[in-house]
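> Just passing along the structure, written as structure tokens.
The values are calculated or read from the model by the stated rules, or taken from the named source; none is laboratory data. Since the structure is predicted, the reported quantities are computational estimates derived from the model, not experimental observations. Cβ placement follows ideal geometry from the backbone for every residue including glycine, while neighbour counts extend to all protein chains displayed. Surface areas here come from the heavy atoms of the whole protein model, side chains and all, with no ligands, DNA or RNA. Shrake-Rupley method; radii C 1.70, N 1.55, O 1.52, S 1.80 Å.
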Amino acid sequence: MLGQAVVPLALTLKVAGFATLLALLTGGLFGFLLARHSFWGRDVLDAICTLPMVMPPTVLGYYLIVIIGRRGWIGGWLHEIGIDLIFTWQGAVLASAVVAFPLVFKGARAAFESVDSHLENAARTLGSSELRIFFRVTLPLAWRGILAGTMLAFARAMGEFGATLMVAGNIPGKTQTLSLAVYDAVQAGQDDLANFLVLITSIVCVLILVASGKLFRPAY
Amino acid sequence: MKIRVDIRKTLRSHDREFRLDVSFTAEHDRSVVFGPSGSGKSLTLQCIAGLLKPDEGRIEIGERVLFDSAAGINLRPQERNVGFVFQDYALFPHLTVEQNVAFGLNREVGERNHSVGRVKEFLALFELEPLARSHPRSLSGGQRQRVALARALIRHPDLLLMDEPLSALDPLLRSRVRRELSDMQTRFRVPMVVITHDPADVEALAQNVIVFEHGRVAQVMSLKEGAAGGGDTAQREMLDRALSDLYPVGAGG
């Protein structure tokens, strides 16, 4: 039973890890952009960035197929240079990243907004370049909030089911993550395996939530 | 050093509009900007520091032009060499006192030894040595103010701007800090412009008094050296009259 759990667990950690990294980079960037710059259409962009949080994962999966499928807008072009994402673990990464993105984005935006702009202005009058201000003032004061959002994103990515199923399928050993394996185990009547997988998933998620809860508390 | 400010800026938020139209020359090194809240004092200081861009006008310190809309000059705050002490001091909460003071120093290789010595010297000068490794949250109001002042002065700014530097302090501390400020100005010979609500600050710190009202300069008074300390009677009376016009009864915050 352990053997049957190890493969999907390892795959889940791999997929969730890469998906979280992707969500962190993009979500952090958009969070900073929307927190620090006001431009036309900012509210609309905020809504679009938050959309994956409220939309059914199957709808997101469908969007992704339309975009990265073999005949999709980007997928067609990728296919020509020999890259196919549908039914691969990289496709699962993309699906999980889209679903996890709003959690990083929301956390990062709130974290950047909570940094007092007086501090950045003080650094400006002290001659610091904008880049140095970001790395010496803004980021050190915002990282806890960003990290907390990122951990939630990781937990969300670990549990991703719908969009992953649509984009990457449910191929044991290749794209079958924990949540998909639970579904298969229940369908096949393997209750022991299902219980075991559910327990692992629950423990990991509780640990992550406890840790991120600690980070949400202000340090200063 | 002469400071010339002649700027206009219109700010809009929702249905309200505020028009700043400020023009004054500060002939002496100690200027106090005085006036009720909402009269555009802070906005003017932010414009001088380069944190806010005026719609049009000109700002110069001595021979240096910081801003000139007609000539297309608008130096970034980093290039202005203007120190700023914020009302809440804006100390970096994640850095120690020592790191706060050293923040604005040159970090180039070869400069490092020099800066370590400078930081030590400034910590001693502002009586912050025992607090060097403390974080701002554990400091008292007066100590925070000294950190903010040391952090700004260590860069040898051409001009020091202070936005109500004493308002966060309790009244007992205020007169002591006021004296310290005055001493520091003498010591560093840095021209300063201080915003205040408190007539006592005007008396202790001002050679020029710039009175703000509704986004405009209502009056600029030049007090002779020492006059504010109680010398020239005519000037004292003029100042008192101007202050009592603004604060009819019980002048203060």
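> Would you calculate, for chain B, the mean residue ellipticity at 222 nm contributed by helices, counting each DSSP H stretch of 4 or more residues as -39,500 (n - 2.57) and dividing by all residues, to the nearest 500?
-10000 deg cm²/dmol
> P(r) for segment A:1-124, please, calculated from all Cα pair distances in 10 Å bins and given in %.
Taking all Cα pairs of segment A:1-124, the binned fractions are 12, 32, 32, 16, 7, 1 percent.
> Across chain B, how many lysine pairs, 8 or more positions apart or on different chains, have C-alpha atoms separated by under 23 Å? Please give the number.
6
> Continuing with the same structure: With every protein chain present, what is the per residue accessible area of segment A:1-57 (1.4 Å probe, Å²)?
Ligands and nucleic acids excluded, the result is 58 Å² per residue.
> Can you give the Rg to Rh ratio of chain A, both from alpha-carbon atoms, with Rh computed by the Kirkwood formula?
Radius of gyration relative to Kirkwood radius: 1.05.
> I've got another one for you. Along the Cα-to-C-beta direction of A:Gln190, a point sits 7 Å from the Cα; which residues of segment A:1-45 have their amide N less than 11 Å from that point?
A:1-8
> Can you give the mean number of other chain Cβ atoms that lie within 10 Å of the Cβ atoms in peptide B:85-97?
Average per residue, whole number: 4.
> Another question, then. For segment A:91-141, what mean projected area does the convex hull of the alpha carbons give, in nm²?
Mean shadow area of the hull around the Cα atoms is 4.2 nm².
> Output needed for segment A:37-79: three equivalent-ellipsoid semi-axes, defined as square roots of 5 times the C-alpha gyration tensor eigenvalues, in descending order, whole Å.
Calculated on Cα positions only, the semi-axes equal 26, 15, 5 Å.
> Between B:Gln87 and residues 5 or more places away or on another chain, which pairs have amide H atoms under 5 Å apart, with H built 1.01 Å from N, and which residues are they?
Under 5 Å from the amide H of B:Gln87 lie the amide H atoms of B:Asp163, each far enough along the sequence or on another chain.
> Within 10 Å of each Cβ of B:74-80, how many other protein chain Cβ atoms are there on average?
Counting other chains' Cβ atoms within 10 Å and averaging over B:74-80 gives 4.
> If you don't mind, another one. Can you compute 3J(HN,Hα) from phi for each residue in segment B:52-61, using the Karplus curve 6.51 cos²θ - 1.76 cosθ + 1.60 with θ = phi - 60°, rounded to whole Hz and x for Gly and Pro?
9, 9, x, 5, 7, x, 8, 10, 9, 10
> Can I ask one more? How big is the charge dipole of segment A:72-220 about its Cα centre, in debye rounded to the nearest 20, if each Lys and Arg gets +1 on its Cβ and each Asp and Glu gets -1 on its Cβ?
660
> Now a separate question. Which of the lysines could a cross-linker span from A:Lys106 if the Cα-Cα distance has to be under 29 Å and same-chain partners fewer than 8 positions apart are dropped?
A:Lys14, A:Lys214
> Taking all protein chains in place and a 1.4 Å probe, what share, in percent, of the accessible surface of the protein assembly as shown do carbon and sulfur account for?
That fraction is 58 percent.
> Can you work out the FRET efficiency for the pair B:Thr25 and B:Ser138, with r the C-beta to C-beta distance and R0 = 35 Å, to the nearest 0.05?
It comes to 0.25.
> What 222 nm value per residue comes from the helices of chain A, counting each DSSP H run with n ≥ 4 as -39,500 (n - 2.57) and dividing by all residues, nearest 500 deg cm²/dmol?
The helix contribution divided over chain A gives -25000 deg cm²/dmol.
> Can you pull the mean other chain C-beta count within 10 Å for peptide A:114-124?
Partner Cβ neighbours, averaged per residue: 6.
> Counting protein heavy atoms only and a 1.4 angstrom probe, how many square angstrom of accessible surface do chains B and A bury in total, to the nearest 100?
So the buried area, both faces added, is about 1900 Å².
> If you don't mind, there's one more thing I want to ask. What full-extension length gain, to one decimal in nm, is calculated for A:Ser38 and A:Ala10 as 0.36 nm per residue of separation minus the Cα-Cα distance?
5.9 nm
> Under a Cβ-only charge scheme (Lys and Arg +1, Asp and Glu -1), can you give me the dipole magnitude of the protein assembly as shown about the Cα centre, in debye to the nearest 20?
Taking the Cα centre of the protein assembly as shown as origin, the dipole is about 660 debye.
> Next question, about the same structure. So for the pair B:Val116, A:Phe135, with labels modelled 7 Å out along Cα→Cβ, what separation do we get in nm?
Placing both labels 7 Å along Cα→Cβ, they lie 2.2 nm apart.
> When ligands, DNA and RNA are left out and all protein chains stay put, how many square angstrom of accessible area per residue does segment B:99-167 have with a 1.4 Å probe?
Accessible area per residue, segment B:99-167: 46 Å².
> Right, another one. Report, largest value first, the span of the C-alpha coordinates of segment B:39-174 along each principal axis, in whole Å.
50, 44, 25
> I'd like the FRET efficiency for A:Ser117 and B:Asp240, computed as 1/(1 + (r/R0)^6) with the beta carbon distance as r and R0 of 56 Å, rounded to 0.05.
The formula returns an efficiency of 0.90 here.
> Taking θ = phi - 60°, what integer Hz values does the Karplus form 6.51 cos²θ - 1.76 cosθ + 1.60 yield along segment A:137-148, in sequence order, with x for Gly and Pro?
10, 5, 5, x, 8, 9, 5, 5, x, 5, 5, 4
> Amide H to amide H under 5 Å from B:Val32: which residues, 5+ apart in sequence or cross-chain, H placed 1.01 Å off N in plane?
The list, which skips near neighbours in sequence, is B:Val194, B:Gln207, B:Asn208, B:Val209, B:Ile210.
> Multiplying the sequence separation of A:Leu78 and A:Met55 by 0.36 nm and subtracting their Cα-Cα distance, what value in nm do you get?
Fully extending the segment from A:Leu78 to A:Met55 adds 5.6 nm.
> Further, regarding this structure: Rg/Rh for the protein assembly as shown: what does it come to with C-alpha atoms and Rh from Kirkwood?
The Rg/Rh ratio comes out at 1.13.
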